[in-house]
Amino acid sequence: MRLKAILRTVAPRTRWQAALVSALLVGSLTAGVSYASIPDSSGVIHGCYNNKSGALRVIDTAKTSSCPKGTTGLDWNQTGPPGPTATCTGIPHVGIDLSGCDLEGANLFNTNLTNVNLSNADLSGDAELGGTNLTNGNLSDTNLTDANMGSDNLSGTNLTGATLTGVSSGNIVGTPSALPSGWSITGTFAGPFGITFGGYLVGPGANLTNAELTDANLAGVNLTGAVLTGVQSGGITGTPSALPSPWILISGYLVGPTAQLNNATLSGLNLSNLNLTSAYMQSANLTDANLSNDNLTNANLYDATLTGANLTGVTWSNTTCPNGSVTNTGC
């Protein structure tokens with residue numbers, strides 16, 4: 001029956017009857033809407049896109065199972081999928097998700113970041129991670145260029161694909177679950193006064209300035225481009241796959257400019273044609289060593305033993321001799 005006919009049939013004769021008819025009509029219409037299945041039981045909204053006009057019409061699949069000819073069906077969620085949970089602000093804490101965050105130059109010194117997610121994050125630019133607890137952390141593909149990781153706890157830390165160029169370290173605790181190709185961590189040893197040495201990240205481009213590498217195992221380690229300024233050594237085992245120019249490894253010592261070779265036993269070794277600029281060789285035993293054509297500019301040979309050493313063609317410039325004198329002509 002048409003609405004006009006219904007109204008004519010139940011035409012109100014009084015004000016209260018009119019109110020009753022209105023209430024019945026509104027309730028009837030509301031009840032009809034409540035049966036609509038938009039969105040459906042899975043929370044999906046269905047629509048039909050008119051291929052010519054571009055008009056989009058939402059449909060109730062409980063009543064219309066498919067779109068008519070000339071239209072394309074479109075489905076979408078009423079509430080979209082949740083976005084990423086990572087937060088790049090706030091105070092870092094245990095288990096925080098910092099994946100993909102720009103943390104260049106950040107200061108995370110001595111922070112407990114157990115189970116942290118730093119995958120694909122940028123921690124380059126001298127970021128301070130010294131003493132940080134990264135146990136079981138995810139640092140895969142993290143950019144750690146020039147970061148300081150000294151005294152970190154890397155137990156179970158995933159460093160797969162991480163960029164460690166220029167990273168400085170030492171006294172690292174624990175064993176990572178994975179390291180980038182060509183990288184390893186040197187062992188630790190007890191020094192005087194109960195001080196522990198070692199625990200360095202070693203690999204291509206590593207910053208090993210003033211590193212204590214005594215008794216380190218460098219077998220297969222790629223030190224191409226590594227900074228060895230002031231490095232201390234002796235008793236090194238294994239042969240690195242590559243060393244930065246002009247450094248050499250001989251008799252367990254890393255020998256090159258600025259090398260710390262105090263008290264080193266270098267007697268009888270062929271050390272010719274080396275750049276030993278600013279090397280420290282105080283009290284070193286160089287008996288019968290071949291130092292021909294070496295550059296000893298600014299080198300310190302105080303109290304060194306040069307008995308029988310071949311000094312032919314040596315470059316002397318501001319060189320400290322075994323007797324403490326400084327020479328430009330020869331000791």
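Restricting the search to strands (runs of 3 or more DSSP E) fully inside segment 187-296 and requiring at least 1 residues that are farther than 24 Å from Gly174 by Cβ and acidic (Asp, Glu) gives an empty result. State whether one or more residues within segment 257-276 are of a type in the set (A, V, I, L, M), touching a residue at least 40 places away in the same chain (Cβ under 8 Å) and within 22 Å of Asn217 (Cα to Cα). For segment 257-276, residues of a type in the set (A, V, I, L, M), touching a residue at least 40 places away in the same chain (Cβ under 8 Å) and within 22 Å of Asn217 (Cα to Cα): absent. Selection of segment 275-296 for residues being under 41 Å from the mean Cα position of the chain (by Cα) and over 20 Å from Asn210 (Cβ atoms) yields Asp294, Asn295, Leu296. Take the conditions (1) among the polar types (S, T, N, Q); (2) more than 14 Å from the chain's Cα centre (by Cα); (3) surrounded by fewer than 24 Cβ atoms within 10 Å (Cβ to Cβ); Ser140 misses just one of them, which is (2). Selection within segment 182-224: residues that are among the hydroxyl-bearing types (Ser, Thr, Tyr) and at pLDDT 90 or above. The member of this set that is nearest to Thr157 (Cα to Cα) is Ser184.
Here Ala127 meets each of (1) in contact with a strand residue (DSSP E or B) (Cβ under 7 Å, 6 or more places away or on another chain); (2) at pLDDT 95 or above with one exception, condition (1).
The values are calculated or read from the model by the stated rules, or taken from the named source; none is laboratory data. As the structure is a prediction and not an experimental result, all values here were calculated from the model. Reconstructed Cβ throughout: ideal geometry from the backbone, glycine too, with neighbour counts over all protein chains shown.
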